[in-house]
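The next block holds one structure in the form of structure tokens; read it before the comments.
What follows draws every value from the coordinates through simple rules; no lab data is involved. In this text, all values refer to a predicted model and were calculated from it rather than measured experimentally. FYI the Cβ positions are ideal-geometry reconstructions off the backbone, even for glycines, and counts take in every protein chain you see.
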Amino acid sequence: MRSMTSVLCGLTASMALAGASSAAVLTATDFTAVVGPELPNPADGSTIFINGPQDVTDQGWFISSSFSAGDNTNMVGGNVRFGPAASIYRDSATQFDASIGQISSDGNVTTGEISFDVEIAGVNFNGGTPEEIGIAIQVLGWTGGAATTGNDVALQFNGQGAGWEVVGSTDTGSIASAGTFSTGTIDLGTGYDAIAVRVIAFDGGTGNFGDTIDLASITAVPEPATVGLAGLGLLMCGARRRRSA
């Protein structure tokens, strides 16, 4: 019969594995697989759905129809370029119209706090006073089960159907050059069956609308506290096994 300590060590191992793989959140983290000059548009060009005939779950990134003319978001060397048109910029990082987004199945695997690492390939300021450019990310959780109504997430406007709840928003802060930038945290609690993510570029609203920012990838990262506690448990279990050998 297994001892209680052995059982607890087994549970700890399971927690560690879950923590290490938690933060799937995104079906696609980069844009290298996108074919053509623009990201693919969903059926109506401005909204993504879970369930039903327009379901885009696990199909990667989609864009708002405001980008379809090619003046706002373009594929440039495998990266997504926001700009230079004025309409990509918003004065607030909590506004998510004119965004890119995706829906990913998660099955309540990702829990607790996550942040995002945002890789920027380049920033170009169009002379004068530089814009305060950054990337903002919003996470929504699906609570609607198998419903095919209230299942929409708007990319053109700042709304979503009743089956979705806004979990939280975060951003990179101001970005002035290429590099990888970490956002703040968003708490997913006990998790969701599916997760939607909306991403937008924002600036300080100073009106210098010739700027561009090239987004190379976005990766969800579990917070160290969650993985660290599970890892500490594994170390303790390993030490016990060595003493027992």
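For region 96-165, the calculated P(r) over all alpha carbon pairs, in 5 Å bins from 0 to the bin holding the longest distance, is 3, 11, 19, 19, 18, 12, 7, 6, 4, 1, 0 percent. Using a simple spin-label model with pseudo-atoms 7 Å out from Cα toward Cβ, Ala28 and Ser105 lie 1.8 nm apart.
With θ taken as phi - 60° and the Karplus curve 6.51 cos²θ - 1.76 cosθ + 1.60 applied, the whole-hertz 3J(HN,Hα) list for region 174-188 is 5, 10, 10, 7, 5, x, 10, 10, 9, 8, x, 9, 10, 9, 7 Hz, x standing for glycine and proline.
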